[in-house]
Structures are given as structure tokens and as C-alpha cells.
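Structure first, commentary second.
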Amino acid sequence: MPQQAKRGFMPTDERDFSLTSLEKLQTAAEEVFYLISRGYPTTPATRFVGDHYQLSERQRLALARSVSPLQSVLSRRSRQVTDIKDQTIYIDGFNVIIGLEIAFSQSMLFRCLDGTVRDLAGLHGTYRLIPQTDLAVKALLGALDDLGVSRAVIYLDKPVSNSGRLKQRIYEFSENIGFDLDVFVEDPVDAILKTKPLIATGDAIILDECDKWFSLAEYAISKTIGDYPYLNITKNIIVE
């Protein structure tokens, strides 16, 4: 594996998400929320507001991932659970592990309006293991042990490169866990997770259709790292 890597980081992030930029983004988030909660599609609403404030592509992506329509926010929050002891949880593997890799890289993670934690990393069929991968896998398995689940099923997207290597890596660290573990490389993972009773993901499309969900990445970060400096561009939005 490469010796140096920083998942989820771009050199322009320090400028795009400085204190001054965050204040502008928080105002933009309020306006995007107003529009999409009244039926405007997220992409054109984000483009319209982004053009007005002359936002970068990364800033617009942060808006799109942090802000959701009111009804979606209320629905997702109502189905979030905090106790998963003795249950089986089905996990969106790349979604959770990449979030943890980003945390261990000390890159940006966003606290989103619907209760999730999301990143700006793109996964378009390419993925490689980095030094933080082992830390992420250990944190994931340790969190599941701490939560007292009876079984965990991790799904990895088959079309994504190195999914087989990541599967092997997960099993390598699973010798002393106190729960049953299965790791499957499948396609399409999204469709599978939508049918499961309890899931872990930050994917909005899956969250809109699932029965219950748990914020596993956030729990694992809290357990292993502690207080993380999440960026919150939705803090001025009142949901009621």
C-alpha cells in the first residue's frame, strides 16, 4: 500500500471551507433548503444558489450532500435508531469504510441535516487500499463489537476495484470479534440494502426506502477518535 494518502482531501478545501466560506455556505444552505422543500429539484436548486454565491464545485457538492428536503429529513430522522444490541445490521461497506478512512485522514466530514455524516469523496468504480484502511476496518469491527450486535453483513460493490481485497482485509481483522460476520461482494448493493430491516449507510437514496438505519460511521468515529471537527453548514436551518 502507498505510504502516504489523505482520503477525501483537496488542496482547495482550506479556502473553500474556511470560516468565511462556511458562513456563506450556511446562508446558501438555508436557501437551498427553502427551495427543495417546496418541490424544486436538488440539482437545479443547488446550481441556482451556487451561481448566485459563486460557489466552487466542492462547495456545491457539500450543499447537495448536507441539505435535504424537509419531508425527507423528517422521514429519515424518524427511522434512525440508537440501540442495535442483539440485532443483525446490514452495512454499505464502501460508504462506511471510506467515511472512516476520511476521519483517520483528518479530512472533511459533514454533519448533515437528516442526521447522517457524509463526505465529499467520490467513488466511481475506482478504490485502492490506503494506510488508513486498516484503521477504518478495525474501528468498524470494534464498534460493532461494542454495540453488541448478533450479526453483521457487509456488502461491497462488485464493480468497484479492489472490493475483493477489502473483503479479505475485513476477514483478516475479524478473528476475535464477538458476533457473526459475513462479507459479500455484490451488484447492486443499493437494491439489496433497500430491502433489509436495519442498515448502515449515508446514501440518501437507500435511506429513503429502508425500514430502520443506524449511524455506524459516526459511532465508530466517536468511539475511536472522540470529538471530531465535523463541518455543519446546515446549523441555521430549523426543522419542525
* **C-alpha long axis of helix 93-104 to longest principal axis of the chain, angle in °** => 70
* Structure fact -> The answer for the net charge of residues other than Val117 whose Cβ lies under 9 angstrom from its Cβ, with Lys and Arg +1 and Asp and Glu -1, is 0
* Can you work out the base-10 log of I(q)/I(0) for segment 13-67 at q = 0.17, 0.18, 0.21, 0.28 1/Å, using the Debye formula on its C-alpha atoms alone? -> -0.44, -0.49, -0.66, -1.13
* Asked: Given the Cα-Cα distance of Ala191 and Lys158 and 0.36 nm per residue of separation, how much length would full extension add, in nm?
  -> 10.6 nm
* Average projected area [Cα convex hull, segment 1-109], square nanometres -> 9.4
* Across Lys85/Lys212; Lys212/Lys235; Lys6/Lys212, pairs whose alpha-carbon gap is larger than 22 Å -> Lys212/Lys235; Lys6/Lys212
* Cross-link partners of Lys138 among aspartates and glutamates (Cα-Cα below 18 Å; sequence separation of 8 or more within a chain) -> Asp92, Glu101, Asp146, Glu172, Glu175, Asp180, Asp182, Glu218
* For segment 6-45 and segment 98-138, compute the distance between their C-alpha centroids and round to whole Å. => 19
* Under a Cβ-Cβ cut-off of 15 Å, what is the net charge of the residues other than Ile238 that fall near it, where Lys and Arg count +1 and Asp and Glu count -1? -> -2
* Structure fact -> Gyration tensor (Cα only) of segment 52-142 to equivalent ellipsoid, semi-axes in Å sorted down, yields 24, 22, 10
* Structure fact -> Net charge (Lys, Arg +1; Asp, Glu -1) of residues whose beta-carbon lies under 15 Å from that of Val189, Val189 excluded, is -4
* To do: Tell me which residues come under 5 Å, amide H to amide H, from Ile199 once H is placed; ignore anything under 5 positions away on its chain.
  => Tyr90, Lys212, Trp213, Phe214
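Just so you know, all these numbers are worked out from the coordinates, no wet-lab data involved. Small disclaimer: the values here were computed from a predicted structure and weren't measured. No Cβ is skipped: glycine too gets one built from the backbone with ideal geometry, and neighbour counts run over all protein chains shown.
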